[in-house]
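For reference, the structure is listed below as structure tokens.
Quick note: the coordinates plus some simple rules give every number you see, no bench work behind them. This is a predicted model, so every value here is computed, not measured. Cβ placement follows ideal geometry from the backbone for every residue including glycine, while neighbour counts extend to all protein chains displayed.
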Ligand SMILES: [Mn+2]
């Protein structure tokens, strides 16, 4: 038998929002998730995929609006009409619970929605075993992956599961997202783990192949870079691993960039070149719209192009030059091409202000004291900040004040 071809996607969040980088991008953002699903349908057709795996958070909410349900049903119809079998393992955003979209789901031939009880399905004609389990609520603290029935002898195992794993970003114990361990997954006898939950696409193990699909369409700046779905090939009849390749095809791609070494950017072409180079490693190949959040910081000969009256023109030129659909430009920390340390030597008011700011930044006691006073006044979102994060916030504030002082006071002496 030839290898089985599968498509693995997760975290489609079909009824979830996508941020508009600027007002003009609203239509693009509003259509991005639907376009992304269309691309997954086309990809499966073009590559003659036999099995489609959707590893949870297909919907953003347990009871999504009709439009989102219809979107998915159209895609399911297209996949199954092309001969593919589809498996869905609902996640924490779209759990299989009473009165959810899945409880009222109309059965479709060729489409299998896993319920909360872990289950395996034999596709004997393909030599494949597909196992999975739904989240039964939005707060699953048990390890669902550990309960999946192992592939029987003679079938290659594929596990389709929405789950969390320990990561450097957060402690994972008792997280309500079906937490598991990589060692549990790799010991379970499956050739391929089709996972969902983390929105950044990544491969976690090669043998067996363990893959977090990532969302096929980023929602905002924090979900930047290429996104899409995985094309997987598995030898039938008892394979130990699989081949997997990310096909990045998100219709709208976010980029998040800071440029803070701009003294050499003496003309617009040079600045464009710096930005294009910095952007290059994160770019997605193929047809898509790109939205960039760009922070320009520090001393730069071109600062007047991005601060004050000329800012809209400067922004537009950058946007055009980089071929962007949207650009959110942050130039609050851009300053004239002078060093704050040199200016601080001056006997005038600018020098005085800069010395004051520099002293404050180098006084750990003062910063700690301010940080303590700050703590009870923080917004609920930021109340969890520890002393070091509060210190960073204060230093950021000082850096911004420094830029402001140089821009507004340096002009007085040096004309415009
Ligand atoms: Mn999730």
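Given the options 11, 260, 99, which has the most mean-square fluctuation in a GNM of the chain, springs set between C-alpha atoms less than 10 angstrom apart?
Sorting by GNM fluctuation, first place goes to 99.
If R₀ is 45 angstrom, what is the calculated FRET efficiency for the pair residue 139 and residue 345, using the beta carbon separation as r and rounding to 0.05?
Taking R0 as 45 Å, the efficiency between residue 139 and residue 345 is 0.15.
Return one number: the angle in degrees, 0 to 90 and rounded to the nearest 10, between the long axis of the Cα atoms of helix 66-81 and the longest principal axis of the Cα atoms of the chain.
Orientation of helix 66-81: about 50 degrees from the principal axis.
What's the Kirkwood radius of the range 187-335 in Å, using all Cα pairs?
Computed over Cα pairs of the range 187-335, the Kirkwood hydrodynamic radius comes out at 17.4 Å.
In percent, what relative contact order does the chain have, based on Cα pairs under 8 Å that are 6 or more apart in sequence?
Once normalised by length, the contact order is 13 percent.
If each residue of separation counts as 0.36 nm, what is the full-extension length gain between residue 369 and residue 186 once their alpha-carbon separation is subtracted?
Computed gain between residue 369 and residue 186 is 61.0 nm.
Residue 47 to residue 310: extension gain in nm, 0.36 nm per residue of separation minus the Cα-Cα distance? Spell out each step's value before the answer.
On the way: separation 263, 0.36 × 263 = 94.68 nm, distance 4.94 nm.
Extra length from residue 47 to residue 310 when fully extended: 89.7 nm.
How big is the range 265-337 on each of its three principal axes, counting only the C-alpha atoms and giving the largest first in Å?
38, 20, 18
Grab the Cα-Cα distance for residue 122 and residue 378, subtract it from 0.36 nm times how many residues apart they are, and report the gain in nm with one decimal.
86.7 nm
Hey, how many Å between the Cα centroid of the range 88-116 and the Cα centroid of the range 360-374?
If you average the Cα positions of each part, the centres end up 52 Å apart.
GNM on the chain, C-alpha springs below 10 Å: top fluctuator among 327, 195, 398?
Of the options given, 398 has the highest mean-square fluctuation.
Modelling each spin label as a point 7 Å along the Cα-to-Cβ direction, I'd like the residue 280/residue 38 distance in nm, to one decimal.
Each label point lies 7 Å from its Cα, and together they span 3.3 nm.
Which stretch or stretches of the range 119-155 have amide N atoms under 12 Å from the point lying 7 Å from residue 205's Cα along the Cα→Cβ direction?
146, by backbone N distance to the label point.
Taking springs between alpha-carbon atoms closer than 10 angstrom, which of 228, 189, 56 fluctuates most in the Gaussian network model of the chain?
In the Gaussian network model the winner is 189.
Which shape class applies to the range 16-104: rounded if a/c is under 1.5, otherwise prolate when a/b exceeds b/c and oblate if not, where a ≥ b ≥ c are the square roots of the Cα gyration tensor eigenvalues?
oblate
Where both residues lie in the range 99-235, what percent of DSSP beta bridges are antiparallel, nearest 5?
Details: 8 of 24 bridges.
If we restrict to bridges inside the range 99-235, about 35 percent are antiparallel.
I want to make sure I understand the PRE zone here: with the label point 7 angstrom from the Cα of residue 332 toward its beta carbon, which residues in the range 278-296 have backbone N atoms less than 20 Å away?
292-296
How tilted is helix 387-414 with respect to the longest principal axis of the chain? Cα atoms for both, answer in degrees (0 to 90, nearest 10).
Roughly 40 degrees between the two axes.
Averaging sequence separations of C-alpha pairs under 8 Å and six or more residues apart, then dividing by the length of the range 4-248, give the relative contact order as a whole percent.
The normalised contact order for the range 4-248 reaches 20 percent.
Of the beta bridges DSSP finds with both residues in the chain, what % are antiparallel, to the nearest 5?
30 percent
Cut-off 20 Å, label point 7 angstrom out along Cα-to-Cβ of residue 320: give me the residues of the range 258-274 whose amide nitrogen falls inside.
So the set is 266-274.
Helix-only mean residue ellipticity at 222 nm, the chain, DSSP H runs n ≥ 4 weighted -39,500 (n - 2.57), per residue, nearest 500. What is it? Show your work: numbers first, answer last.
Values: 9 runs with 121 residues, N = 416.
Rounded to the nearest 500, it is -9500 deg cm²/dmol.
Return the inverse of the average 1/r over all pairs of distinct C-alpha atoms in the chain, which is the Kirkwood hydrodynamic radius, in Å to one decimal.
Mean inverse Cα-Cα distance, inverted, gives 24.1 Å.
In nm, to one decimal, how far is the residue 26 label point from the residue 243 one, both placed 7 Å along Cα→Cβ?
Placing both labels 7 Å along Cα→Cβ, they lie 4.7 nm apart.
Please figure out what share of the DSSP beta bridges in the range 4-248 is antiparallel and state it in percent, rounded to the nearest 5.
Among the beta bridges of the range 4-248, antiparallel pairing accounts for roughly 40 percent.
How far is helix 26-46 tilted off the main Cα axis of the chain, in degrees rounded to 10, range 0 to 90?
The angle comes out near 40 degrees.
What value in Å³ per residue do you get for the convex hull of the alpha-carbon atoms in the range 340-416?
Working: hull volume 7.5 nm³, N = 77.
Measuring per residue, one finds 98 Å³ for the Cα hull of the range 340-416.
Under the classification rounded if a/c is under 1.5, otherwise prolate if a/b is larger than b/c and oblate if not, where does the range 4-248 fall, given a ≥ b ≥ c as square roots of the Cα gyration tensor eigenvalues?
rounded
If I take every Cα pair under 8 Å that is 6 or more residues apart in the range 265-337, average their sequence separation and divide by the length, what percent do I get for the relative contact order?
Relative contact order here is 42 percent.
Using 1/(1 + (r/R0)^6) with R0 = 25 angstrom and r between the beta carbons of residue 356 and residue 387, what's the FRET efficiency to the nearest 0.05?
0.60
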